[in-house]
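Here's the structure, in structure tokens; my notes come after.
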Amino acid sequence: MVLLIYLDTRLHTPMYFLLSQLSLTDLMLICTTVPKMACTYLSGRKSISVAGCEAQIFFYVSLFGAEGFLFAVMAYDHYVAICYPLQYPNLMNWKVCGLMAASSWILGVFDGIVDDKMVSAFYTILTAMLNPLIYSLQNKD
């Protein structure tokens, strides 16, 4: 779809540009997990390294965050097109559209960093807090 939007000049509008960004995000989401999964399946190994797992989680969460922000940008684009049809070319010019798309990618990366750090913190803190409880329940029997 990205190639079709790029080749057809009639589709060079902000809406189709944002759709191409969404399509690219979906393509990248698939590429974060499927190649490693196929390689693992074909090689017979049933494990993944910790660094590989963290990298997959980071890219997956970042791309999901970027996709969510792209949906918000697309909603704003539709809002402007419906509520301000005469001012739409001025409000959603290529500069604004490009900045909004780039900001959704950047915010997605920040979302991935924050979520990764939160998961790591919760895992290290929560495990240490729950260990005495788990051991006391196991020793009770």
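Points to keep in mind about this one:
- Backbone HN-Hα couplings from phi across the range 63-73 [Karplus 6.51/-1.76/1.60, Hz, Gly and Pro as x]: 5, 5, x, 4, 5, x, 5, 5, 4, 5, 5
- Among 33-44, 18-29, 62-73, sorting by the average number of other beta carbon atoms lying within 10 angstrom of each residue, highest first, gives 62-73, 18-29, 33-44.
- Spin-label model distance (nm) - Leu27 vs Arg45, 7 Å beyond Cα toward Cβ: 2.8 nm
- Projected-area average for the range 1-129 over all orientations - Cα convex hull basis, square nanometres: 10.8 nm²
- 3J(HN,Hα) along the range 77-88: 4, 5, 4, 5, 5, 7, 7, 10, x, 7, 9, 4 Hz, from the Karplus curve 6.51 cos²θ - 1.76 cosθ + 1.60 with θ = phi - 60°, whole Hz, x for Gly and Pro.
Rule-based calculations on the coordinates, nothing more; no lab input. As the structure is a prediction and not an experimental result, all values here were calculated from the model. Glycine gets a Cβ as well: all are built from the backbone with ideal geometry, and neighbour counts include every protein chain shown.
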